Amino acid sequence: MRINGKVRLFIVGLLSMSIQLSALASNDETSSGCDLAMTKIQLLNANEFWHGANECAKSGNRFHTTFLLLAGQIRAMTDLGTLKAASDEDEIKVGELYGILYYKAGGSGHDEIYRDISLSNNLLHQLNNWDAELHDSYDPGWKYQSNIGTLKYAQMFACQKAVRISKLNWYASLIRNDEYYEASKELNALRAKNPGAITSGSDIEKQISSIMTRMRAIKPSNPLPRTQPKECMFANKYEPDPDAEFTQLYKGANGPKSSKALAFKSKDEVIDSWISESLSPDLLNNILEQVNFENQILVSLSFGKRRNSTGTIYISDVNYNAVRESLDVSGLIGVTESKCEEPFADSYPFALAVAPRPEIIPAYPGMFLQNFPDGCKPVIDSSIVTVQDE
């Protein structure tokens, strides 16, 4: 879900925080590049944080390395969720940051810090007290639209920070288990000796699988967070973008058995598709009358089999990138929360939307699906054709 926002967060006591972090790692020789990054943590973008983490790693400063790695992750998730690309070219740069975050700059940092309760608590304390400033010339790595809501950016930053700290608390309780820690080191060493893809059924794959089975059997003292922090509650209620170029037309519960996104460029394509089997003739005609296929397309997004869907279903974005000649469809679906006692029922939720006709319509649009907690409401089932709004 994209949230537009602009924020200026003023940092109080930044210098003292940096001094405390240095003191905690006083046995490490810190490079000037590492020191510089720590004095600018309210201003850096994600890539600059990770560059600073690399500088700290070169000097052997594990505490600062871990702090900057995590701060970069939080800054990246905040920017990705709020700073909407101004152009198709900038959208590609957004995708590049996603790639770096998930394939190169992930992880929790040095395990030894989490095994030391004092260091771990100090690390999480410093992260919790850290804020990031979005000044007028801030550059996340792409040009972004100027209509940024100050409150939304601040809310997203607080949410992402709370989510990360919550998971780190859980991980700290797990890595302090000696058996898990030794298995983790064994796994990392094995992967380091065998970089790249692992052949299925090979001895290496079997060794990795065996180690991971041992690790999964170990229970942490703190449970994995299953509910979102209170700081993220603002995002529970989806607010459609009033400036969106697409319009959702319909949502139902008797769609395809698997999740997929499709784009239909003609009336005949729709009639020949699964849509004509899920909708009555009158409903189908009503949908088709709302689409001008000369300059529009009909987009469908199905969520596959669900057992706890509340029927709150949105197509949250239909985005065409002319540079990549790609079409991506995003959707949100409400589900009952873990505390609820509502009985489950099978459903196959989907939604339909009309969108501008791209220059080139990809055969297989990309998709992004996301659940969100929707309270303790009765769930829908596959006998429901049209899902009514409350």
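The values are calculated or read from the model by the stated rules, or taken from the named source; none is laboratory data. Small disclaimer: the values here were computed from a predicted structure and weren't measured. FYI the Cβ positions are ideal-geometry reconstructions off the backbone, even for glycines, and counts take in every protein chain you see.
Say we look at the range 367-390 and pick out the residues that are in the same structural domain as Pro281 (by TED's automatic domain parsing) and aliphatic (A, V, I, L, M); which of these is nearest to Arg306 (Cα to Cα)?
Leu369
Looking only at the range 189-213, count how many residues are under 18 Å from Tyr103 (Cβ atoms) and surrounded by 12 or more Cβ atoms within 10 Å (Cβ to Cβ). Steps first, answer last, please.
Initial filter on the range 189-213 (under 18 Å from Tyr103 (Cβ atoms)): 191-192, 194-198.
Then drop every residue that is not surrounded by 12 or more Cβ atoms within 10 Å (Cβ to Cβ), which leaves 191, 194, 198.
Selection size over the range 189-213: 3.
Output the number of the condition that Gln370 fails; it satisfies all remaining conditions of (1) assigned to a loop (DSSP other than H, G, I, E, B); (2) exposed (fewer than 14 other Cβ atoms within 10 Å of the Cβ).
(1)
Just give me the residues in the range 240-262 being in a strand (DSSP E or B), more than 15 Å from Tyr320 (Cα to Cα) and not aliphatic (A, V, I, L, M), in sequence order. Show your work before the answer.
Our first condition is that a residue be in a strand (DSSP E or B); within the range 240-262, this holds for 247-252, 254, 259-262.
Among the residues that remain, those that are also more than 15 Å from Tyr320 (Cα to Cα) are: 248-252, 254, 259-260.
Matches in the range 240-262: Gln248, Tyr250, Lys251, Gly252, Asn254, Ser259, Lys260.
Select the helices (runs of 4 or more DSSP H) contained entirely in the range 34-132, then report the ones holding at least 2 residues which are of a type in the set (Lys, Arg) and out of contact with any Ser or Thr (no Cβ under 9 Å at 6 or more places or on another chain). Explain how you work it out, then say what you get.
Values: elements: 46-58, 62-82, 88-103, 111-115, 117-129.
Once the helices (runs of 4 or more DSSP H) in the range 34-132 are filtered for at least 2 residues that are of a type in the set (Lys, Arg) and out of contact with any Ser or Thr (no Cβ under 9 Å at 6 or more places or on another chain), what remains is 62-82.
So which pairs qualify, if the first residue must be in the range 127-142 and without any contact (Cβ under 8 Å) to a residue 40 or more places away in the chain, the second must be hydroxyl-bearing (Ser, Thr, Tyr), the Cβ gap must be under 8 Å, and the two must be at least 6 apart or on different chains?
No pair meets every condition.
Go through the range 179-237 and report how many residues are within 23 Å of Tyr114 (Cα to Cα), of a type in the set (Ser, Thr, Tyr) and either in the same structural domain as Glu337 (by TED's automatic domain parsing) or in contact with a helix residue (DSSP H, G or I) (Cβ under 9 Å, 6 or more places away or on another chain) (or both). Before the answer, list the steps.
To start, the set of residues in the range 179-237 that are within 23 Å of Tyr114 (Cα to Cα) comprises 179-192, 211-229.
Remaining after also requiring of a type in the set (Ser, Thr, Tyr): 180-181, 184, 213, 221, 227.
Cutting the leftovers down to either in the same structural domain as Glu337 (by TED's automatic domain parsing) or in contact with a helix residue (DSSP H, G or I) (Cβ under 9 Å, 6 or more places away or on another chain) (or both) gives us 180-181, 184, 221.
Number satisfying all stated conditions: 4.
Within the range 109-128, take every residue that is surrounded by 18 or more Cβ atoms within 10 Å (Cβ to Cβ) and of a type in the set (S, T, N, Q) and give me the one that is nearest to Trp170 (Cα to Cα).
Going through the qualifying residues, I end up with Ser120.
Which residue out of Gly95, Gly107 is within 23 Å of Cys232 (Cβ to Cβ), at pLDDT below 95 and under 25 Å from the mean Cα position of the chain (by Cα)? Outline the logic, then answer.
Details: Gly95 fails: within 23 Å of Cys232 (Cβ to Cβ).
Just one listed residue meets the conditions, Gly107.
Looking at the range 341-367 only, could you name the residues that are more than 16 Å from Lys251 (Cα to Cα), assigned to a loop (DSSP other than H, G, I, E, B) and under 25 Å from the mean Cα position of the chain (by Cα)?
Residues satisfying the conditions are Pro362, Tyr364, Pro365.
I'd like to verify a number: residues in the range 159-204 that are assigned to a loop (DSSP other than H, G, I, E, B) and within 17 Å of Arg216 (Cα to Cα), how many? Write out each step before concluding.
Step one: of the range 159-204, the residues assigned to a loop (DSSP other than H, G, I, E, B) are 176-177, 194-202.
Those still in the list that are within 17 Å of Arg216 (Cα to Cα) too: 176-177.
Total meeting the criteria: 2.
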